[in-house]
Amino acid sequence: MVISALGDTTIYNGNGTTGAGRKVTLTDTLTWSGGSVRRDTNSVVIKEVTQESDFGIPVGGIITLLNETIYLIHGQVTCSSSLRVSTDDIAIVGSDRNIDKLIYDGTGTFIVIQEVNFSMRNVCLSATHSASQVLSASNYTSGNYNYGRLKAISIVDCQFRNCFNVMQIIGFDLVDILNTLFWYIEAPSVGLQFKDTSKVEITSC
């Protein structure tokens, strides 16, 4: 690392804050010894997830994901808490569905989507407990055709592998599942269940 700051040998002031006019040039790779990286791009937060705590702090066994946030999964992450998606503009994304994995070792439903748009890409999802379900989602306001079904779910290039109950989706204007694998599934009661959904498109799965 090369430091340039008018002759100073550190980029920090005495209190640990970065001083004015400091410039850092990296000549080697940068290694993180702990924590996760967070970036803000076009009013959207990109948050890297390498452990469950990177999603947030659970309250009553539930972690509520933050709006306008892309959770970037790196490697294998085991979760015992449920993830709740209750605001728009949330996505869970990996770079390789064979490497970037979310493993749920709790009971009940792992990812719960409530009345919002949601997308997931390039992630493997699995569960270790027979009393678990990987995903549930709801978006409707009555039993009338297409009433209150305004949201969309997109699942692309993912895999659901080594799990039990898979998903139950009620309502929604569109559920789009593309190039996704469903295999090594036991599903004691729920495989892929769609109810009162306006449009379902399943392609190359």
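For this structure, a couple of remarks:
- Solvent exposure of region 126-171, expressed per residue, is 40 Å² of accessible area, with all protein chains present and a 1.4 angstrom probe.
- ³J(HN,Hα) computed for each position of region 153-167 - Karplus, 6.51 cos²θ - 1.76 cosθ + 1.60, integer Hz, glycine/proline x: 10, 10, 10, 10, 6, 9, 9, 9, 9, 6, 9, 10, 4, 9, 8
- Modelled this way, with points 7 Å down the Cα-to-C-beta line, the labels at CYS205 and ASP88 are 2.4 nm from one another.
- Our coupling estimate for region 104-117, obtained by passing each phi through the Karplus curve with A = 6.51, B = -1.76, C = 1.60 and θ = phi - 60°, is 9, 10, x, 10, x, 8, 6, 10, 10, 10, 10, 6, 9, 6 Hz, Gly and Pro reported as x.
- Where N is the number of residues in region 78-153, Cα Rg divided by 2.2 N^0.38 Å: 1.21
- Exposure of THR203 as accessible area (Å², to 10), given a probe of 1.4 Å and all protein chains: 50
- Residues with amide H under 5 Å from that of GLN133, placed H, sequence gap 5 or more: GLY108, THR109, PHE110
- Only protein heavy atoms count here; on that basis, with a 1.4 Å probe, ARG161 has an accessible area of about 80 Å².
- Solvent exposure, largest accessible area first (probe 1.4 Å, DNA, RNA and ligands not counted), of LEU150, LEU102, LEU66, LEU174: LEU150, LEU66, LEU174, LEU102
- Proximity of backbone amide H atoms, modeled 1.01 Å from N, is registered between ILE113 and VAL85, SER136, ALA137, SER138 at under 5 Å, excluding neighbours fewer than 5 places apart on the same chain.
- Here's how it looks for GLY94: its modeled amide H is under 5 Å from those of ILE73, ARG121, ASN122, VAL123, which are all 5 or more places away or on a different chain.
- Derived scalar couplings between HN and Hα for region 189-205 equal 9, 10, x, 10, 10, 10, 9, 6, 8, 5, 9, 10, 10, 10, 10, 6, 10 Hz in order, rounded to whole Hz, by the Karplus curve 6.51 cos²θ - 1.76 cosθ + 1.60 (θ = phi - 60°), x for Gly and Pro.
- Alpha-carbon centroids, region 54-101 and region 141-205: separation in whole Å: 18
- Accessible surface of region 80-155, 1.4 Å probe, proportion on carbon and sulfur as whole %: 46
- Of TYR71, TYR147, TYR140, the residue with the largest accessible area leads and the full order is TYR147, TYR140, TYR71 (1.4 Å probe).
- Accessible heavy-atom area order of ASP89, ASP96, highest first, probe of 1.4 Å: ASP89, ASP96
- Nearest-10 value in Å² for the accessible area of LYS101, using the 1.4 Å probe: 60
The values are calculated or read from the model by the stated rules, or taken from the named source; none is laboratory data. All of these numbers come straight from a predicted model, not from anything done at the bench. Neighbour counts run over all protein chains shown; Cβ positions are idealised from the backbone, glycine included. Just the protein is used for accessible areas: all its heavy atoms, side chains included, with ligands, DNA and RNA removed. Shrake-Rupley method; radii C 1.70, N 1.55, O 1.52, S 1.80 Å.
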